[in-house]
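Report on the structure given below.
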Amino acid sequence: MTVETDRAEPDRRGSLYLQLLGPLTIRRDGVAVTLPASRKVRALIAYLSLAPQAVSRSQLCELLWDVPDDPRGELRWCLSKLRNVIDASERRRVETPGDAVRLDMAECFVDAVEVAQAVQRGIALLSPDRLRALSALFKGEFLDRLEIDRNPGFNSWLTTQRRRFRGYHTALLEHLARRASDDEVFEYLETWLALAPFDRNVHEVLLRALARRGRIREGEEHLAATGRLFESEGLDCSPIADMWRSSPRATAVLLPPSADSTGGRLDGAVIGSRRASVAVMPFVDRIAAKAAPGGPADAFAHDVITRLAKLRSLFVIAQGTVFALSERQVGPEEAGRMLNVDYVVSGWMLRGPYRLTVAVEVTETRAARIIWAEVFERKVDDVFAVLNEIGDRIVASVTSEIEAAERNRAILKPPSSLDAWDAHHRGLWHMYRFNNADNERAQHFFEMAVRLDPTFARAYAGLSFTHFQNAFQGWAERKSEIDRAFDAAGQGLMVDDRDPAAHWAMGRALWLRGRLDQSFVELEQAIDLSPNFALGHYTLAFVHSQAGDPRSAISSSDHSRHLSPFDPMLFGMLGARAMALVRLGRFGEAADWGVKAAARPNAHVHILAIAAYCLALDGRIDEADAHLAIIRQRLPDYRIDDFLTAMQFEPNGASLFREAAKQIEFR
């Protein structure tokens, strides 16, 4: 379904039009406004027009002045000039709340904002006409020729924005080229090629277009030139050549032999079965702008790369490749296209005397869309401990956000077009609904994934989980489902015993069989392999909460939520904490955590039961009855025996929950 965003023409949106995509231009009611000669006033206009909220005066002073005599005085002068340009007699747009500055851009049109918002909503949802209109807004480089001498702060921001909007323009052109007819496709391809000459996709689309029109000689000439260009940069052109050779209407020329020479080659191709691929670019050190490589920011990026690789769920580009690109001043957006990866992680680090700030964002390469961004700010008591904590959050969040994006992408594809990776993520989409019908659908797609790729350990883990759910929820005969959960987990371990998800699946299957000691061993192995594996920490909390150490359960639950605060299994993390608190006799706390677990949108009946029983133990009978009523709407015959059959409490814990049930089930 095509979804349109705002279709209004720029000058009909309001009286003020700001062009940032090209030389800075401002028009009022269609008439160009004379801009101040001061570059800093122009820079201030552009910076504030893109700022999502008010900006402090101190931040603006640091951005635009290199230790002047009176930065605030100069800022006041610039603001007065800015008002002459932006304000109108009937409306003041320059606002100064407290010690901050913001622009009221209501009913204004800012080309860069229009593009950024449309891209962030999703390029795939835009019609061809809307794509063309957005692409036409690009009149040149972002803020063309607006660099300011001796202003590293502003110039760094300018470089970042130019890279970002170049990525947006490239993504728009790619979608236009893929949808265009042969008559107009070359217009878009020419501009796309100029913006991203090392993007493998533009060369492949161009060669296919030439082949369709029978322009074989041009295709051969382009392929030869591309081979020389890629070879000069140490890039691998063989995938493009292979595509051309497979074209039914083309006969490719042989490229100079380079496949045997890997020195310096930057090859982002995924070997074997497809996985989502990610490149983690070196983080920018905002203090040590001229520092030699190998500082804290580089070390931090290396740590993130290593941790992501340990999860084994993504194809992670090696450190040497991304650092080599960074040394060539290749930005994250361009690097993502050069390496032909699905996602790029980038960010910056700023260390002050007392605080450390790390900003990170994950961008979907082909759509130029930011799928996750966060700023972490911590006191610097122990810098290594702080970086370790932030690294934990980044790795878990990057993995979770990419998985969510892949699930959403897979669910929109026709089932007949799915490969193993897509089938696995479509299975995850259904699995996290936690109902019988979706669990059956999830099982179908996991079986498809392992059929398409018998070496895909994560798909076996997902399949094991669906059988686990059948046994745990009582949706099928318990014993046979326990056996199937165990068998699927075993298959996952056989194909990749270094995958933490394989050990996680085996730990859950062993728990179902009542082999708690072995279950703990497998779950500990999962988090030893990848300390950032949130589901491993959660399942440890789940098992400890019933028959292990309840304090360890609380600690593991908290850590799993710290790693993945928006996890689809968040209800389980909260519920495990509640059960552990019951065993510690802290019924009031248990009730509060149980209510939080039950409030999650995908909470199943056992989670609702945890809330109801914890509330009963705390004497909050009316609230317990309300949760019990919801359970009975779903399963009229649900009783405490169903709950205790699913769980595996030690005797004292089981007695506490039976006592709670007596207060609300048998009145």
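The values are calculated or read from the model by the stated rules, or taken from the named source; none is laboratory data. The model shown is predicted, which means the values in this text are computed figures rather than measured ones. Glycine also receives a Cβ, built like all others from the backbone with ideal geometry; neighbour counts cover every protein chain displayed.
Every residue, every condition in (1) under 20 Å from Ala526 (Cβ atoms); (2) modelled with pLDDT of 95 or more; (3) of a type in the set (Phe, Trp, Tyr); (4) part of a helix (DSSP H, G or I), yes or no:
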residue: Leu463; (1), (2), (3), (4): yes, yes, no, yes
residue: Gln469; (1), (2), (3), (4): yes, yes, no, yes
residue: Asp483; (1), (2), (3), (4): no, yes, no, yes
residue: Phe486; (1), (2), (3), (4): yes, yes, yes, yes
residue: Gly492; (1), (2), (3), (4): yes, yes, no, yes
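Residue pairs, Cβ under 8 Å, 6 or more apart or interchain, first in the range 298-313 and farther than 18 Å from Val358 by Cα and in contact (Cβ under 8 Å) with a residue 24 or more places away in the chain, second surrounded by fewer than 23 Cβ atoms within 10 Å (Cβ to Cβ) and of a type in the set (D, E, K, R). List them.
From the range 298-313, the pairs are Arg312/Asp496; Arg312/Arg498; Ser313/Arg275; Ser313/Glu403.
Confirm whether Pro52 is outside any helix (DSSP H, G or I) and more than 18 Å from Leu18 (Cα to Cα).
No: the conditions fail for Pro52.
Return the pair list, or none, for Cβ contacts closer than 7 Å from residues in the range 578-600 that are more than 17 Å from Phe566 (Cα to Cα) to residues that are of a type in the set (Lys, Arg), at least 6 apart or on different chains.
Partner pairs satisfying both residue conditions: Ala591/Arg620.
So, in the range 55-92, how many residues would count as being aromatic (Phe, Trp, Tyr) and assigned to a loop (DSSP other than H, G, I, E, B)?
Residues in the range 55-92 being aromatic (Phe, Trp, Tyr) and assigned to a loop (DSSP other than H, G, I, E, B): 1 in total.
Can we say His544 is more than 24 Å from the chain's Cα centre (by Cα), surrounded by 24 or more Cβ atoms within 10 Å (Cβ to Cβ), outside the structural domain of Ala598 (by TED's automatic domain parsing) and in a helix (DSSP H, G or I)?
Here the answer is yes, as His544 does meet what is asked.
Quick check: is even one residue across the range 337-344 in contact with a Lys or Arg (Cβ under 7 Å, 6 or more places away or on another chain) and outside the structural domain of Asp236 (by TED's automatic domain parsing)?
yes
Restricting attention to the range 163-198, which residues are among the acidic types (Asp, Glu) and surrounded by 22 or more Cβ atoms within 10 Å (Cβ to Cβ)?
Matches in the range 163-198: Glu174 only.
Restricting the search to the range 15-42, which residues are within 18 Å of Asp149 (Cβ to Cβ), part of a loop (DSSP other than H, G, I, E, B) and of a type in the set (D, E, K, R)?
None - no residue of the range 15-42 is within 18 Å of Asp149 (Cβ to Cβ), part of a loop (DSSP other than H, G, I, E, B) and of a type in the set (D, E, K, R), so the list stays empty.
Of the conditions (1) in the same structural domain as Asp242 (by TED's automatic domain parsing); (2) part of a helix (DSSP H, G or I), Gly214 fails just one. Which one is it?
(2)
Keeping to the range 124-145, report how many residues are assigned to a helix (DSSP H, G or I) and over 15 Å from Ala180 (Cα atoms).
Qualifying residue count for the region: 3.
Could you list, in sequence order, all residues of the range 561-602 that are at negative phi, modelled with pLDDT of 95 or more and small (Gly, Ala, Ser)?
Result: Gly572, Gly575, Ala576, Ala578, Ala580, Gly588, Ala590, Ala591, Gly594, Ala597, Ala598, Ala599.
For the range 154-162, state whether one or more residues are surrounded by 19 or more Cβ atoms within 10 Å (Cβ to Cβ) and either in contact with a Ser or Thr (Cβ under 9 Å, 6 or more places away or on another chain) or outside the structural domain of Ala46 (by TED's automatic domain parsing) (or both).
No - not one qualifying residue is present in the range 154-162.
Just give me the residues in the range 416-442 being more than 27 Å from Gln473 (Cα to Cα) and without any contact (Cβ under 8 Å) to a residue 40 or more places away in the chain, in sequence order.
Residues satisfying the conditions are Ser416, Ser417, Leu418.
Would it be correct to say that Gly264 is surrounded by 13 or more Cβ atoms within 10 Å (Cβ to Cβ) and either modelled with pLDDT under 90 or within 30 Å of Glu403 (Cβ to Cβ) (or both)?
Judged against the criteria, Gly264 is not a match.
Mind listing just one residue for me: the one in the range 443-474 that is buried (at least 23 other Cβ atoms within 10 Å of the Cβ) and touching a residue at least 60 places away in the same chain (Cβ under 8 Å) and, of those, farthest from Leu510 (Cα to Cα)?
Here the answer is Phe456.
I'm checking my understanding of the structure. Among residues of the range 547-564 that are farther than 22 Å from Asn652 by Cα and touching a residue at least 60 places away in the same chain (Cβ under 8 Å), which one is farthest from the chain's Cα centre (by Cα)?
Step by step, filter the range 547-564, then rank; the result is His562.
Might you let me know whether the range 475-493 holds any residue that is surrounded by 23 or more Cβ atoms within 10 Å (Cβ to Cβ) and either touching a Lys or Arg at 6+ places or on another chain (Cβ under 6 Å) or not small (Gly, Ala, Ser) (or both)?
No, because not a single residue in the range 475-493 is surrounded by 23 or more Cβ atoms within 10 Å (Cβ to Cβ) and either touching a Lys or Arg at 6+ places or on another chain (Cβ under 6 Å) or not small (Gly, Ala, Ser) (or both).
Anything in the range 181-226 that is of a type in the set (Asp, Glu) and under 20 Å from Ser238 (Cβ atoms)? List them, or say none.
Within the range 181-226, Asp199, Glu204, Glu220, Glu221 meet the criteria.
Quick one: in the range 2-51, which of the residues that are modelled with pLDDT of 90 or more and of a type in the set (Gly, Ala, Ser) is farthest from Phe154 (Cα to Cα)?
Filtering first and then ranking leaves Ala32.
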